[in-house]
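The values are calculated or read from the model by the stated rules, or taken from the named source; none is laboratory data. Since the model is a prediction, treat every value here as computed from it, not as a measurement. We place every Cβ from the backbone using ideal geometry, glycine too, and count neighbours over all the protein chains shown. Each accessible area value is taken on the protein alone, full model and side chains, heavy atoms only, with ligands, DNA and RNA left out. Shrake-Rupley method; radii C 1.70, N 1.55, O 1.52, S 1.80 Å.
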Amino acid sequence: MGSTADAVLARFADLDPVPQDDGPDPVAAIAYSGEYTRLMDMFRACLRLNEKSERVLDLTEQVISHNPANYTVWKVRQDVLFALGADLRRELEYVTDMAKENPKNYQIWHHRQIVVTAIGDPAGELDFVNLMLDMDAKNSHAWSYRQFLIRRFGLWDGEL
């Protein structure tokens, strides 16, 4: 023990992990790390119970740190955020850090879109996406997000 993942998992001592079932003879079993396997086993236990809590939010952060492309975990994170009435501006800070580390990850950009839509205010979002495009002008996810912002929030001034 000792990692942040272990500290998060310790908060789930009341649950039985649900191991991944690849069937009796998987053709190409993926060799996940032990830590990721433990996190996902606990994630599946929470999913089975439909638990929406701070500890599940922390668990999703740990799983995402191992695999930011896991769309199911992002969807559960959204559901938990909304169920808890969490601070969505704070979530944008988290997603900003994730986008800077993984700028071409569709799930991160989609999550950001869901969060900004729920907030209903795109303040600072064009500046953020323009910064991301300055880093990589060929980032199609950033361009799509920029298009979403302009259409959804009517930010046409200076665009045409």
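Please specify each residue of region 80-101 satisfying the condition of being acidic (Asp, Glu) and crowded, with 16+ Cβ neighbours inside 10 Å. Result: Glu91, single match.
Where helices (runs of 4 or more DSSP H) fall wholly inside region 53-101, the ranges with 3 or more residues that are closer than 20 Å to Ala123 by Cβ are 88-101. Here Arg48 passes the criteria (1) in a helix (DSSP H, G or I); (2) among the charged types (D, E, K, R); (3) touching a helix residue (DSSP H, G or I) at 6+ places or on another chain (Cβ under 9 Å) except the one numbered (3).
Of the listed requirements (1) part of a loop (DSSP other than H, G, I, E, B); (2) open to solvent by less than 90 Å² (accessible area, probe 1.4 Å), Lys104 misses just one: (2). Beta carbons closer than 7 Å, at least 6 apart along the sequence or on distinct chains, pair a first residue in region 13-34 that is under 18 Å from Asn67 (Cα atoms) with a second that is open to solvent by less than 90 Å² (accessible area, probe 1.4 Å) and assigned to a loop (DSSP other than H, G, I, E, B) for Ala29/Asp22.
Residue by residue through region 10-39, note down the ones that are out of contact with any Pro (no Cβ under 9 Å at 6 or more places or on another chain) and assigned to a helix (DSSP H, G or I). Give the derivation first.
The first filter runs over region 10-39 and keeps only residues out of contact with any Pro (no Cβ under 9 Å at 6 or more places or on another chain), leaving 10-36, 39.
Scanning region 10-39 gives Ala10, Gly34, Glu35, Tyr36, Leu39.
Every condition in (1) open to solvent by less than 40 Å² (accessible area, probe 1.4 Å); (2) modelled with pLDDT under 95; (3) of a type in the set (A, V, I, L, M, F, W, C) holds for Ile30 except the one numbered (1). Among residues belonging to region 49-79 that are within 22 Å of Asp6 (Cα to Cα) and hydroxyl-bearing (Ser, Thr, Tyr), point out the one that is most open to solvent (accessible area, probe 1.4 Å). Looking at residues that are within 22 Å of Asp6 (Cα to Cα) and hydroxyl-bearing (Ser, Thr, Tyr), I get Ser65. Confirm whether Val95 is at negative phi and touching an Asp or Glu at 6+ places or on another chain (Cβ under 8 Å). In short, no. In region 112-155, the qualifying residues are those that are in contact with a helix residue (DSSP H, G or I) (Cβ under 7 Å, 6 or more places away or on another chain) and in a loop (DSSP other than H, G, I, E, B), and the one that is least open to solvent (accessible area, probe 1.4 Å) is Asn139. The set of residues in region 113-131 being touching a residue at least 24 places away in the same chain (Cβ under 8 Å) and within 18 Å of the chain's Cα centre (by Cα) consists of Gln113, Ile114, Val115, Val116, Thr117, Ala118, Ile119, Glu125, Phe128.
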